Structure formats: C-alpha cells, structure tokens
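What follows is a single structure, written as structure tokens, with notes after it.
Just so you know, all these numbers are worked out from the coordinates, no wet-lab data involved. Quantities reported herein were computed from a predicted structural model and do not represent experimental measurements. Cβ: placed from backbone, ideal geometry, glycine included. Neighbour counts: every protein chain shown.
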Amino acid sequence: MITAFRLKGNWVVKGYMQVMTTVPSADEGAALAHSITTQRLAAGVQIIGPIRSLYWWQGSLRDEREWQLVIKTTRSLLVALENHIKANHSYETPEIIATEIAAGSDDYLNWISAETQRIDAS
C-alpha cells in the first residue's frame, strides 16, 4: 500500500522528505551522514559519488568532484536538519534541497517515522 492521500486531485505527502546536499569529499560525506543519523535527524543517508558538478561560484564556472548525500527524514525535522548541515558543512553556502516524498510504501515511511521519533517527540 502507498501512504499518501488526495486533496483536490493532487497527491499530498504525509510529512516525509528527501533532502539533498553535496560535499567535497567522501570523508566529509561519511562524517556528515554519521552525525545526521546519530542525532536522529534522519532515518538514513545514502552517499553517492563521486559525481561531477559544474556550477557558478563567485564569478567563476567551477568543475568539481563531489559526493551527494540523499537524506530521508520528516517535515518536522527540516529546520533542525538544515541547521545541522550548515553548522557541520565545509561549504560557505551548502546545497540544501528538500523534496516532498509524494508516495511511498507504508513499511518504508513507517520506518522513517520510527527511526526519527525521538527527535520528533521533543
């Protein structure tokens, strides 16, 4: 079964998010993923990479190797997660993009809730 409901014809999430950020090294990615999950700001983090990123920064086109973190969390933890990423990231302006999970299996979404509930309850 998929956990979502319809509101005026649109799928609406029940409060689950996938957040992405990128880091300059595998070691920084592992450290950030570990601190995020240890503090229960997310149920899990996938580290993907290396990837190639092209972007503008301070007037120059950059072509860099990065690692992408894909973070599974709840909407109620977004502010705390954003603050944690900013406080523990080496970039001056880290990428922090949150996307609603439009639908997902009940088992998986319940797992996200269960693994983050200690933070959600506070």
(message) How high is the relative contact order of segment 11-122? Use alpha-carbon pairs under 8 Å, at least six apart in sequence, and give a whole percent.
(response) 40
(request) Report the calculated FRET efficiency for Asp27 and Glu92 (r = Cβ-Cβ distance, R0 = 25 Å), to the nearest 0.05. (result) 0.85
(request) Please work out the C-alpha center-to-center distance from segment 34-67 to segment 71-86 and express it in whole Å. (result) 15
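Could you sort the peptides 62-71, 49-58, 84-93 by per-residue average Cβ neighbour count (10 Å cutoff), highest mean leading? Numbers along the way, then the final one.
Numbers: 62-71: 17.1, 49-58: 11.1, 84-93: 13.4.
Ranked from most to least packed, the peptides come out as 62-71, 84-93, 49-58.
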(request) Please determine, in degrees from 0 to 90 and to the nearest 10, the orientation of helix 78-88 with respect to the longest principal axis defined by the Cα atoms of the chain, where the helix direction is its Cα long axis. (result) 20
(message) In whole Hz and in residue order, list the ³J(HN,Hα) couplings for segment 18-26 that follow from phi through the Karplus curve 6.51 cos²θ - 1.76 cosθ + 1.60, θ = phi - 60°; x for Gly and Pro.
(response) 10, 10, 10, 8, 10, 9, x, 8, 5
(request) State, to one decimal in nm, how far the label point of Ala114 lies from the label point of Arg65, with both points 7 Å from Cα in the Cβ direction. (result) 3.9
